[in-house]
Amino acid sequence: MVSTPELKKYVNRKILLKLNNNRTVIGELRGYDIFLNVVIENGIEVSKDKNENALGAQSVIRGNSIVSIEALEPIV
Amino acid sequence: MVSTPELKKYVNRKILLKLNNNRTVIGELRGYDIFLNVVIENGIEVSKDKNENALGAQSVIRGNSIVSIEALEPIV
Amino acid sequence: MVSTPELKKYVNRKILLKLNNNRTVIGELRGYDIFLNVVIENGIEVSKDKNENALGAQSVIRGNSIVSIEALEPIV
Amino acid sequence: MVSTPELKKYVNRKILLKLNNNRTVIGELRGYDIFLNVVIENGIEVSKDKNENALGAQSVIRGNSIVSIEALEPIV
Amino acid sequence: MVSTPELKKYVNRKILLKLNNNRTVIGELRGYDIFLNVVIENGIEVSKDKNENALGAQSVIRGNSIVSIEALEPIV
Amino acid sequence: MVSTPELKKYVNRKILLKLNNNRTVIGELRGYDIFLNVVIENGIEVSKDKNENALGAQSVIRGNSIVSIEALEPIV
Amino acid sequence: MVSTPELKKYVNRKILLKLNNNRTVIGELRGYDIFLNVVIENGIEVSKDKNENALGAQSVIRGNSIVSIEALEPIV
C-alpha cells in the first residue's frame, strides 16, 4: 500500500524544516494539520553562516512556507 | 492525540510574526480565523537593523503573508 | 470568545494598508468582502521617500495583494 | 450595510489598474467577473517614464495580476 | 447587463498575450477554458528587443501565466 | 464549437515545455491530468546556451510550473 | 487510454526532484499523496557545484515546491 506522507510518525521527534526564503528551522514536532501547518517546540533558526537563534516557547510554521521536512531521528 | 496547530492558547499573549517579505511584527494576539489571518494589538514592526516602529491601534495581518508565529510567552 | 478578524469595526475609519510590493496606501475603508478585497475612498499612496500621491475617487484593492491592515483610529 | 467591493458602479467609467509587475493600465471598464478578471476598451499602458502605449481594441486583464482598481471618475 | 469577460468573441482572431515573466506571444486564438488556459495557432514570441521567434504548430498557454489578453482585431 | 485546451491530440507527440524559472524541456507526451501535470518520456532539458541535458527514463512535470506547451509536430 | 501522471510505478525507485528554488534532491520514493507531496528515504541534496549533502532519515517534500520528478530507473 503506497503510504501517503504521514507526519504522525514524526511527532515528538526532532525535525529540520527548509522554508521558502532559504530559512532553516530545527525543533521538536508537536502537531500538524492537513495543510502541513506544523507546531514545533524548542525551535532554533539556523542561518546560512550556521549561527543559531532560539525561537519562542512554541511556534506555528505555515505549511505554505515549508519546502521540506526532514526527520533527524530514525522513523520506525 | 496529535494536536492540530491551535492558536487559541496564544490569544492575549505576546507573539512574534515573521512575514514573507522579511518583515517582523511583535504584538498581542486578539483573534484569528481558519486562514490564519490574525488580529494583533499594540503591534510593533522590528526592522532588520532592530529599529522599532509602532503600528496602528489594531492590525489585521493576512495569513497568506505569515511564515511563522512564535509565542513569546510560555504556552501551558 | 476568540474574535475572528472583523473589519466591520474599521469601516468609515482611516486605515493603512501595506501591500505585497512594498506599497503603502492610506484611506477610509468603505467596504470589504470575505477575500479581504477592500474599497477605500480619499486614498493616498505613500512612497518610500514619504511622497504622497492621491488615488482615484474610489479604489478597490485586491485582498491577495494586502499584507496588513492597520486601524489609524482607535477601535472600540 | 457594509458594501462589498462593487465594480458595477465603475462600468463604462475610466479606471486605472495597477498590476503585479509594476505595470499601469488606463481604460474604460466594460465588464468583470467574480475573479475580478476585467474587460477594458481604449486601453493605454503607462510606463514608468510616463510613455503611453495603446493596447488592442479590447483587452481582458486577469484578476490575479491586478493589485488595485482606481475609479478616475466620481462614483455616485 | 454587465458582460463577464467573454473570450468567445476573440476566437479565430489575432490576440496578443502578455505573460508573467515579461514574455509577449501573438497568435490566433483557437480555444480556451474557464481557467483562461488558451490554445493558439501560428504563435510568435516577441522578445524585448522585438525579435520574433515562431512557436510550435499549436500551443497551450496556461491561464496562471497570463497577465492580459489583447484583441488585435476589432471585436464586434 | 469553441474547443477547450485539449492535450489528447498531443499525446505520443513531441512537445516543448516552457517552465516558470526559464527552463525549457522537450520530450514525448505520455499522459496528463486536469491540473496539466504531464508525463513525458525521452525528456531533454535545453539550457539558455542551447546545451542539452537528458532527463530520467520518465518524468512528471507539475502543471503549476508550466507556462506553455508547444506541439513540435503538426496537430490534426 | 491517456494515462494520468501515476507515481505508483515510481515507488521504491530512485527519483530526482527539481524544486522551485533551484534545489535538486535525489532519493527513494516511499509515498505520495494527491497534492504530489512525496516521502523519500536516503535523500541527498545536490548543490549547483555538484556537492552532495545527506538529508535526514526520511523527508517529506511539499508538492507545491516540486517542479519535476524524474525516474532514475526504468519504469515498466
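The values are calculated or read from the model by the stated rules, or taken from the named source; none is laboratory data. Quick caveat: nothing in here was measured; it's all calculated off a predicted structure. Every residue, glycine among them, receives a Cβ derived from its backbone with ideal geometry; neighbour counts consider all protein chains shown. Accessible surface areas use protein heavy atoms only, side chains included; no ligands, DNA or RNA. Shrake-Rupley method; radii C 1.70, N 1.55, O 1.52, S 1.80 Å.
Summed over both chains, the contact between F and G buries some 1700 Å² of accessible surface at a probe radius of 1.4 Å.
Comparing A:Asn37, A:Asn64, A:Asn12 in a Gaussian network model of chain A (Cα springs below 10 Å), the most mobile by mean-square fluctuation is A:Asn64.
Lysine pair count for region A:8-71 with Cα-Cα distance under 22 Å and sequence separation of 8 or more or different chains is 6. If you roll a 1.4 angstrom probe over the protein chains with everything in place, what fraction of the accessible area of region F:8-71 belongs to carbon and sulfur, to the nearest %? After summing per-atom areas, the C and S share lands at 48 percent.
If only the Cβ of Lys and Arg carry +1 and only the Cβ of Asp and Glu carry -1, the dipole of region G:8-71 around its Cα centre is close to 180 debye. Probing with 1.4 Å while keeping every protein chain in the model, the per residue accessible area of the protein assembly as shown equals 48 Å².
Of the residues D:Gly56, D:Gly31, D:Gly43, the one that moves most in a GNM of chain D with alpha-carbon contacts below 10 Å is D:Gly56. For the protein assembly as shown, the calculated P(r) over all alpha carbon pairs, in 10 Å bins from 0 to the bin holding the longest distance, is 3, 17, 23, 25, 21, 10, 1 percent.
The 3J(HN,Hα) values that the Karplus relation (6.51, -1.76, 1.60; θ = phi - 60°) gives for region C:51-61 are, in residue order, 6, 10, 10, 5, 8, x, 3, 9, 9, 9, 10 Hz. Gly and Pro appear as x. For region E:41-47, 3J(HN,Hα) computed residue by residue from phi via the Karplus equation (6.51, -1.76, 1.60; θ = phi - 60°) reads 10, 6, x, 10, 9, 9, 7 Hz, glycine and proline entered as x. Across chain G, C-alpha contacts under 8 Å between residues 6 or more apart give a mean separation that, scaled by the residue count, equals a relative contact order of 32 percent. Convex hull volume of the C-alpha atoms in chain F, normalised per residue: 94 Å³.
Loop sites by DSSP among the trypsin sites (Lys or Arg not before Pro) of chain A, restricted to those with at most 10 other Cβ atoms within 10 angstrom, leave A:1-47 as the longest stretch without any of them. Distance from the B-onto-F rotation axis is smallest for the Cβ of the chain B residue given, in whole Å, as B:Asn64, 8.
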